[in-house]
């Protein structure tokens, strides 16, 4: 047989131009299907459905290259606003879906509640630290998970530090909670369903308009972040998807999470759980921390991570992103990481984890799901985190990390 007739097992589909990474795609598919079957049998079908839903989120995040971190960085450094505008679309669609349901308190007979938290000094400080961590670590909460699944070895370092920072934040949270704070404020309860929704949509539109004005002033036109020559099935399998398509998909999947879990999508509470379990193994006593004092949290700490909804969805995100990367033929981990870049990943991950605990969530739980729930703390988080991103963007060059004219190809 001639060499031209040999089909590499790493690139099945190359004759069609798809270049699918077969081993990685089969591993991811087996993990998603097998994991769902095991969760359904060992726990319940709902947990299995949430795991698959997490995989769908991972696939969308990867194929749409939906990065919160890079979107903010390129706007801060180069006034490119497509990523920010996509986030406004995502928030608008999610708010339109969430507000009527949260006002009624149920969805198809399932009791639901939004992610509404107090807005105080801990949120301001935590979100600011999280914002700096985004730029040093190279990702947000969702970005860290999907880029790890996509094969980024540097983001494994960020994730490890993220988990450690989350555990430290859980240990310290009682001190931060004692600082001055507003109570939980929901704009749905404060202004009513339709007025609250109208105000939020108006703010989304205003932010969109500002990005358009500033981008045209800098570049003379609007710059497309994810151009692709592919169309049809090839683009669906390999990406990149249009950012707006990813935004709408994420909003719909968060709405599905609201139905299945009874509350919106979150990520970082699982990191605090994982980090605390690891802390217990190495000799600390997280069970004595006030963070774990309630009966529900004691049950989480003492139980299996597979009983935890957020953990299961996080596992799904990683495998979904792995599946997407394999379908795109882009799963190719590189293990050589510059020392300064690794140091930034550690520092950024610690700030991400610690900040997320102080701020009652991350770019998903506080920003995306918080604002979609009508929580005032979500808006406070946005302002403080954006300020942190400004600082983080300016600090990046000290670690040899690029800043300006960054393509929106992930977190």
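Values computed for the structure shown
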item	result
Breaking point among (1) surrounded by fewer than 24 Cβ atoms within 10 Å (Cβ to Cβ); (2) under 26 Å from residue 189 (Cβ atoms); (3) touching a helix residue (DSSP H, G or I) at 6+ places or on another chain (Cβ under 6 Å), for residue 118	(3)
In segment 359-389, residue surrounded by the fewest Cβ atoms within 10 Å (Cβ to Cβ) [restricted to those that are in contact with a strand residue (DSSP E or B) (Cβ under 7 Å, 6 or more places away or on another chain) and over 16 Å from residue 92 (Cα atoms)]	380
Close pairs from segment 106-132: first touching a residue at least 12 places away in the same chain (Cβ under 8 Å), partner assigned to a loop (DSSP other than H, G, I, E, B) and buried (at least 23 other Cβ atoms within 10 Å of the Cβ), Cβ under 6 Å, at least 6 apart	114/373; 115/264; 115/373; 116/373; 117/360; 123/359; 126/359; 127/359
Count of segment 101-115 residues which are within 16 Å of residue 365 (Cα to Cα) and surrounded by fewer than 17 Cβ atoms within 10 Å (Cβ to Cβ)	1
Scan of segment 168-185 for residues that are crowded, with 17+ Cβ neighbours inside 10 Å and closer than 11 Å to residue 119 by Cβ, ordered by number	181, 185
Some residue of segment 15-29 being at pLDDT 95 or above, closer than 15 Å to residue 253 by Cβ and in a helix (DSSP H, G or I)	no
Of the criteria (1) buried (at least 24 other Cβ atoms within 10 Å of the Cβ); (2) without any contact (Cβ under 8 Å) to a residue 12 or more places away in the chain, which one residue 339 fails	(1)
Filter pass, residue 73 being touching a residue at least 40 places away in the same chain (Cβ under 8 Å), closer than 24 Å to residue 222 by Cα, out of contact with any strand residue (DSSP E or B) (no Cβ under 7 Å at 6 or more places or on another chain) and surrounded by 20 or more Cβ atoms within 10 Å (Cβ to Cβ)	yes
Selection from segment 179-195 of residues that are more than 23 Å from residue 359 (Cα to Cα) and assigned to a helix (DSSP H, G or I)	191, 193, 194, 195
Which numbered condition residue 84 misses (of (1) over 20 Å from residue 366 (Cβ atoms); (2) in contact (Cβ under 8 Å) with a residue 12 or more places away in the chain; (3) under 17 Å from the mean Cα position of the chain (by Cα))	(1)
Subset tally (residues that are outside any helix (DSSP H, G or I) and modelled with pLDDT under 95) for segment 235-282	4
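The values are calculated or read from the model by the stated rules, or taken from the named source; none is laboratory data. Predicted model only: the values in this text are computed from it and were never measured. Every residue, glycine as well, gets a Cβ built from its backbone with ideal geometry; the counts of neighbours run over all protein chains shown.
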